[in-house]
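K.L.:
Pasting a structure here, questions to come.
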Amino acid sequence: MHYPLTDQQRAAFNRDGAVVLPGLICDQQLDTGRVAIDRAMQQSDNYFRRLRAWENDSTLKALCCDSQLPAVVAQLLDTEQVNLFYDQVFTKEPGSASPTPWHNDQPYWPVRGAGVMTLWLALDDISVDSGPLEFIAGSHQWDRWFQPFVAATDGSAESNYDPEPAFEPLPDFESQRGQHNILCWELQAGDAIAFHALTVHAAKPNVSSTRRRRGYAIRYTGANVTYHEGPANNPRLINPDLQHGDQLDSAQYPVVFPATPGLGNHAAENKPVSAT
Ligand SMILES: O=C(O)CCC(=O)C(=O)O
């Protein structure tokens with residue numbers, strides 16, 4: 001399947017750091033993806049710790065690595081190579097979830113370089129009361145790196161942790177809403193949002209009484225992104241095969257564009273990922 005990106009979508013991604021891609025995945029990918037995401041939910045009861053599911057799931061591996069998605073990323077990042085970085089499941093069940101606090105992603109990640117982004121897939125219809133994401137338009141261009149927070153099990157912020165001194169304290173964006181252009185979209189199942197790793201974002205709680213809100217975030221990198229060892233890195237994303245400054249190509253971060261059908265010997269095969 002080929003997904004035709006428009007010039008307007010590419011321009012919006014570059015300008016705002018976030019853009020909606022309607023109908024990015026087809027019905028069959030949606031159906032199989034939902035089953036796989038429900039399986040991946042068993043990994044952990046912690047909102048932020050259901051990650052690297054593709055390494056043990058052939059459906060998610062196909063979606064992340066061998067689908068139309070890497071080519072879409074290549075166009076958005078204007079890059080000749082795309083690596084899969086990792087995937088993450090975000091599920092807010094009806095009436096039960098906290099808001100996801102404002103943050104930007106790259107300070108948590110052991111990678112450096114300009115071309116780092118997420119395709120966040122909506123696996124359910126998402127309305128304003130069922131946990132949509134919000135983005136501060138243009139914040140990826142600030143080049144501001146905010147201190148990571150430690151999340152409570154439900155995804156709410158508990159505290160900051162071991163910040164790199166270079167990272168600045170997270171402003172109270174919630175109280176500064178009026179100062180920013182905040183983007184928030186209702187989505188249909190199968191739609192996606194592409195966003196840059198430095199775009200400041202959050203998500204509302206799911207206050208609906210019946211609707212699930214399953215999100216599947218796939219993180220990708222473009223060319224010239226390198227491995228970074230630093231104290232704020234999420235320990236679950238550490239790649240034991242790489243050293244500071246290395247190119248990312250490895251079993252954990254396979255090249256997915258240009259296409260390498262089946263990924264040959266590049267991709268991680270059924271390595272256990274610790275559940276916490
Ligand atoms: O879906 C959410 O609640 C948060 C998503 C998020 O923060 C991310 O994908 O980086």
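K.L.:
For region 118-146, which positions are in a loop (DSSP other than H, G, I, E, B) and either charged (D, E, K, R) or within 18 Å of the chain's Cα centre (by Cα) (or both)?
P.N.:
If we filter region 118-146 for residues that are in a loop (DSSP other than H, G, I, E, B), which is where we start, we get 123-125, 127-129, 131-132, 137-138, 143-145.
Result: Leu123, Asp124, Asp125, Asp129, Gly131, Pro132, Ala137, Gly138, Asp143, Arg144, Trp145.
K.L.:
Conditions first: (1) more than 30 Å from Leu5 (Cβ to Cβ); (2) within 15 Å of the ligand (Cβ to nearest atom); (3) out of contact with any strand residue (DSSP E or B) (no Cβ under 6 Å at 6 or more places or on another chain). Asp105 passes all but one, so which condition is the exception?
P.N.:
(1)
K.L.:
Of everything in region 202-227 that's among the polar types (S, T, N, Q) and open to solvent by less than 10 Å² (accessible area, probe 1.4 Å), which residue is nearest to the ligand (Cβ to nearest atom)?
P.N.:
Keep residues of region 202-227 that are among the polar types (S, T, N, Q), which gives 206, 208-210, 221, 224, 226.
Filter once more, keeping what is open to solvent by less than 10 Å² (accessible area, probe 1.4 Å): 206, 208, 221.
Values: Asn206: 9, Ser208: 15, Thr221: 14 Å.
Residue satisfying both the conditions and the ranking: Asn206.
K.L.:
Could you tell me whether Lys61 is among the basic types (Lys, Arg) and within 16 Å of the ligand (Cβ to nearest atom)? Give the steps one after another, and end with the answer.
P.N.:
Working: among the basic types (Lys, Arg): yes; within 16 Å of the ligand (Cβ to nearest atom): no.
The answer is no for Lys61.
K.L.:
Being closer than 20 Å to Lys61 by Cβ and in a loop (DSSP other than H, G, I, E, B) is the filter here, so list the residues in region 241-256 that pass it.
P.N.:
So in region 241-256, the residues closer than 20 Å to Lys61 by Cβ come out as 241, 248-256.
The answer is Asp241, Leu248, Asp249, Ser250, Ala251, Gln252, Tyr253, Pro254.
K.L.:
While we're looking at this one, here's another question. Counting just the residues of region 1-49 that are among the polar types (S, T, N, Q), open to solvent by 20 Å² or more (accessible area, probe 1.4 Å) and at pLDDT below 95, which one comes out nearest to Phe85 (Cα to Cα)? First the steps, then the outcome.
P.N.:
The initial filter retains those residues of region 1-49 that are among the polar types (S, T, N, Q), namely 6, 8-9, 14, 28-29, 32, 42-44, 46.
Filter once more, keeping what is open to solvent by 20 Å² or more (accessible area, probe 1.4 Å): 6, 8-9, 14, 28-29, 32, 42-43.
Add one more test, that the residue is at pLDDT below 95, and what stays is 42-43.
Values: Gln42: 21, Gln43: 19 Å.
Once the filter is applied, the top-ranked residue is Gln43.
K.L.:
Got at least one residue in region 161-169 being closer than 26 Å to Ala232 by Cα, without any contact (Cβ under 8 Å) to a residue 12 or more places away in the chain, away from the ligand (no atom under 11 Å from the Cβ) and not aromatic (Phe, Trp, Tyr)?
P.N.:
Quick first cut of region 161-169, residues closer than 26 Å to Ala232 by Cα only: 161-169.
Then drop every residue that is not without any contact (Cβ under 8 Å) to a residue 12 or more places away in the chain, which leaves 165.
The next check asks that each one be away from the ligand (no atom under 11 Å from the Cβ); those that pass are 165.
Those left that are additionally not aromatic (Phe, Trp, Tyr): 165.
Yes - at least one qualifying residue is present in region 161-169.
K.L.:
Just the residues that are of a type in the set (Asp, Glu), under 26 Å from Gln68 (Cα atoms) and either open to solvent by 60 Å² or more (accessible area, probe 1.4 Å) or modelled with pLDDT under 90 (or both), please, taken from region 154-201. I'd like the intermediate steps shown before the answer.
P.N.:
Let us first name the residues in region 154-201 that are of a type in the set (Asp, Glu), namely 154, 158, 162, 164, 168, 172, 174, 186, 191.
Restricting the remaining residues to those that are under 26 Å from Gln68 (Cα atoms) gives 186, 191.
Once the filter is applied, which keeps residues that are of a type in the set (Asp, Glu), under 26 Å from Gln68 (Cα atoms) and either open to solvent by 60 Å² or more (accessible area, probe 1.4 Å) or modelled with pLDDT under 90 (or both), region 154-201 yields only Glu186.
K.L.:
Cβ-Cβ below 6 Å, separation at least six or inter-chain, first residue in region 200-215 and in contact (Cβ under 8 Å) with a residue 40 or more places away in the chain and closer than 24 Å to Ala36 by Cα, second open to solvent by less than 20 Å² (accessible area, probe 1.4 Å) and of a type in the set (Lys, Arg): which pairs?
P.N.:
That search, which allows pairs on different chains as well, returns Asn206/Lys92; Asn206/Arg213; Arg213/Lys92.
K.L.:
Sticking with this structure for a sec: Looking only at region 50-104, count every residue that is of a type in the set (Phe, Trp, Tyr) and open to solvent by 10 Å² or more (accessible area, probe 1.4 Å) and tell me the total.
P.N.:
First, the residues of region 50-104 that are of a type in the set (Phe, Trp, Tyr): 54, 85-86, 90, 102.
From what is left, the residues that are open to solvent by 10 Å² or more (accessible area, probe 1.4 Å) are 90, 102.
The total comes to 2.
K.L.:
Are any of the residues in region 28-49 within 11 Å of the ligand (Cβ to nearest atom), touching a residue at least 60 places away in the same chain (Cβ under 8 Å) and more than 22 Å from Gln9 (Cβ to Cβ)? Break it down stepwise before answering.
P.N.:
Applying the first criterion (within 11 Å of the ligand (Cβ to nearest atom)) to region 28-49 yields 47-48.
This time we only want the ones that are touching a residue at least 60 places away in the same chain (Cβ under 8 Å), so: 47-48.
Of the ones still in play, those that are also more than 22 Å from Gln9 (Cβ to Cβ) are 47-48.
Yes, region 28-49 contains at least one residue that is within 11 Å of the ligand (Cβ to nearest atom), touching a residue at least 60 places away in the same chain (Cβ under 8 Å) and more than 22 Å from Gln9 (Cβ to Cβ).
K.L.:
For region 228-256, which residues satisfy the criterion of being open to solvent by 60 Å² or more (accessible area, probe 1.4 Å) and within 19 Å of Leu69 (Cβ to Cβ)? Talk me through it step by step, then tell me what you get.
P.N.:
First pass over region 228-256, keeping only residues open to solvent by 60 Å² or more (accessible area, probe 1.4 Å): 229, 231, 235-236, 238, 240-241, 243-244, 247, 249.
Answer for region 228-256, where residues must be open to solvent by 60 Å² or more (accessible area, probe 1.4 Å) and within 19 Å of Leu69 (Cβ to Cβ): just Asp249.
K.L.:
Still on this structure, please answer the following. So, of the residues in region 122-153 that are in contact with a Lys or Arg (Cβ under 6 Å, 6 or more places away or on another chain) and small (Gly, Ala, Ser), which turns out to be surrounded by the fewest Cβ atoms within 10 Å (Cβ to Cβ)?
P.N.:
Top of the filtered list is Ser130.
The values are calculated or read from the model by the stated rules, or taken from the named source; none is laboratory data. Model, not experiment: these values are computed from the prediction. Here the Cβ is made from the backbone with ideal geometry for all residues, glycine too, and neighbour counts use every protein chain on show. Note: areas computed on protein heavy atoms with side chains; ligands, DNA, RNA excluded. Shrake-Rupley method; radii C 1.70, N 1.55, O 1.52, S 1.80 Å.
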